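A short worksheet on the structure shown next.
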Amino acid sequence: MASEDADENVNRGTGGPDGTSPAPGADDAQTAQGSAASADEPVDPKIADAVAAAEAAGPANGETVRIDSWIWAVRLIKTRSLGATACRGGHVHVNGERVKPAYSVHIGDEVRLRHEGRERVVIVKRLIRKRVGAPVAIQCYIDNSPPPPPREAVAPRR
């Protein structure tokens, strides 16, 4: 990630207010906001700060995140123990294969989760370990889930 940030500074030409590149070891929140802003999305400062905090709490280079922990952290499951139970019950598949709770998830993996009568299909964009707020959580995956069934189909009216 550091090399990507360096490439962005080179491509911009000027990084600092006086035309010089920023000092090495620039603030991590500024780096996170710069990478979020390059995605052409309007970024709320509160969300940007939360994303920076989530990245700081995320795994370091070379470390991994368990699938049960990740699906809990991005709010696909209410508790981590429910995530582990779903994995053991065969309700969680990564890249088409059934996985155990300790499976290491990677960026780009497709996660399929059957929970509460609905199938969720997501692509991993960011690895996080700690549970974060909903606005930050939705930035950690791409949701390819089919639309939920109509409410009448789920619970018919009396």
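The values are calculated or read from the model by the stated rules, or taken from the named source; none is laboratory data. Predicted, not measured: the structure shown is a model, and the values here were computed from it. Methodologically, a virtual Cβ is constructed for each residue, glycine included, from the backbone with ideal geometry; neighbour enumeration extends over all protein chains shown. In case anyone asks, the SASA skips ligands and DNA or RNA and just uses the protein heavy atoms, side chains included. Shrake-Rupley method; radii C 1.70, N 1.55, O 1.52, S 1.80 Å.
Which residues, taken from region 110-145, are of a type in the set (Val, Ile, Thr) and closer than 27 Å to residue 52 by Cβ?
The answer is 111, 122, 123, 124, 128, 132, 136, 138, 142.
Can you name the condition, by its number, that residue 24 falls short on among (1) at pLDDT 75 or above; (2) farther than 24 Å from residue 132 by Cβ?
Checking residue 24 against (1) at pLDDT 75 or above; (2) farther than 24 Å from residue 132 by Cβ, the one that fails is (1).
Listed residues 107, 71; which is out of contact with any helix residue (DSSP H, G or I) (no Cβ under 8 Å at 6 or more places or on another chain), of a type in the set (A, V, I, L, M, F, W, C) and under 27 Å from residue 50 (Cβ atoms)?
Just a single option satisfies the conditions, and that option is 107.
Please verify whether residue 84 is touching a Lys or Arg at 6+ places or on another chain (Cβ under 8 Å) and among the aliphatic types (A, V, I, L, M), treating the condition exactly as stated.
no
Of the residues 73, 57, 32, which is crowded, with 17+ Cβ neighbours inside 10 Å, at pLDDT 50 or above and under 23 Å from residue 136 (Cβ atoms)?
That would be 73, the only listed residue that is crowded, with 17+ Cβ neighbours inside 10 Å, at pLDDT 50 or above and under 23 Å from residue 136 (Cβ atoms).
Quick one: what pairs do we get from region 63-75, first residue touching a residue at least 40 places away in the same chain (Cβ under 8 Å), second open to solvent by less than 60 Å² (accessible area, probe 1.4 Å) and aromatic (Phe, Trp, Tyr), C-beta under 7 Å, 6+ apart or different chains?
Sorted first by the residue in region 63-75, then by its partner, the pairs are 74/141.
Can you pull out the residues in region 60-70 that are in a strand (DSSP E or B) and open to solvent by less than 70 Å² (accessible area, probe 1.4 Å)?
If the condition is that a residue be in a strand (DSSP E or B) and open to solvent by less than 70 Å² (accessible area, probe 1.4 Å), then 65 is the only one that fits.
Name the residue that is surrounded by the most Cβ atoms within 10 Å (Cβ to Cβ), counting only residues in region 87-110 that are within 16 Å of residue 140 (Cα to Cα) and in contact with a Leu (Cβ under 8 Å, 6 or more places away or on another chain).
Ranking the qualifying residues of region 87-110, first place goes to 105.
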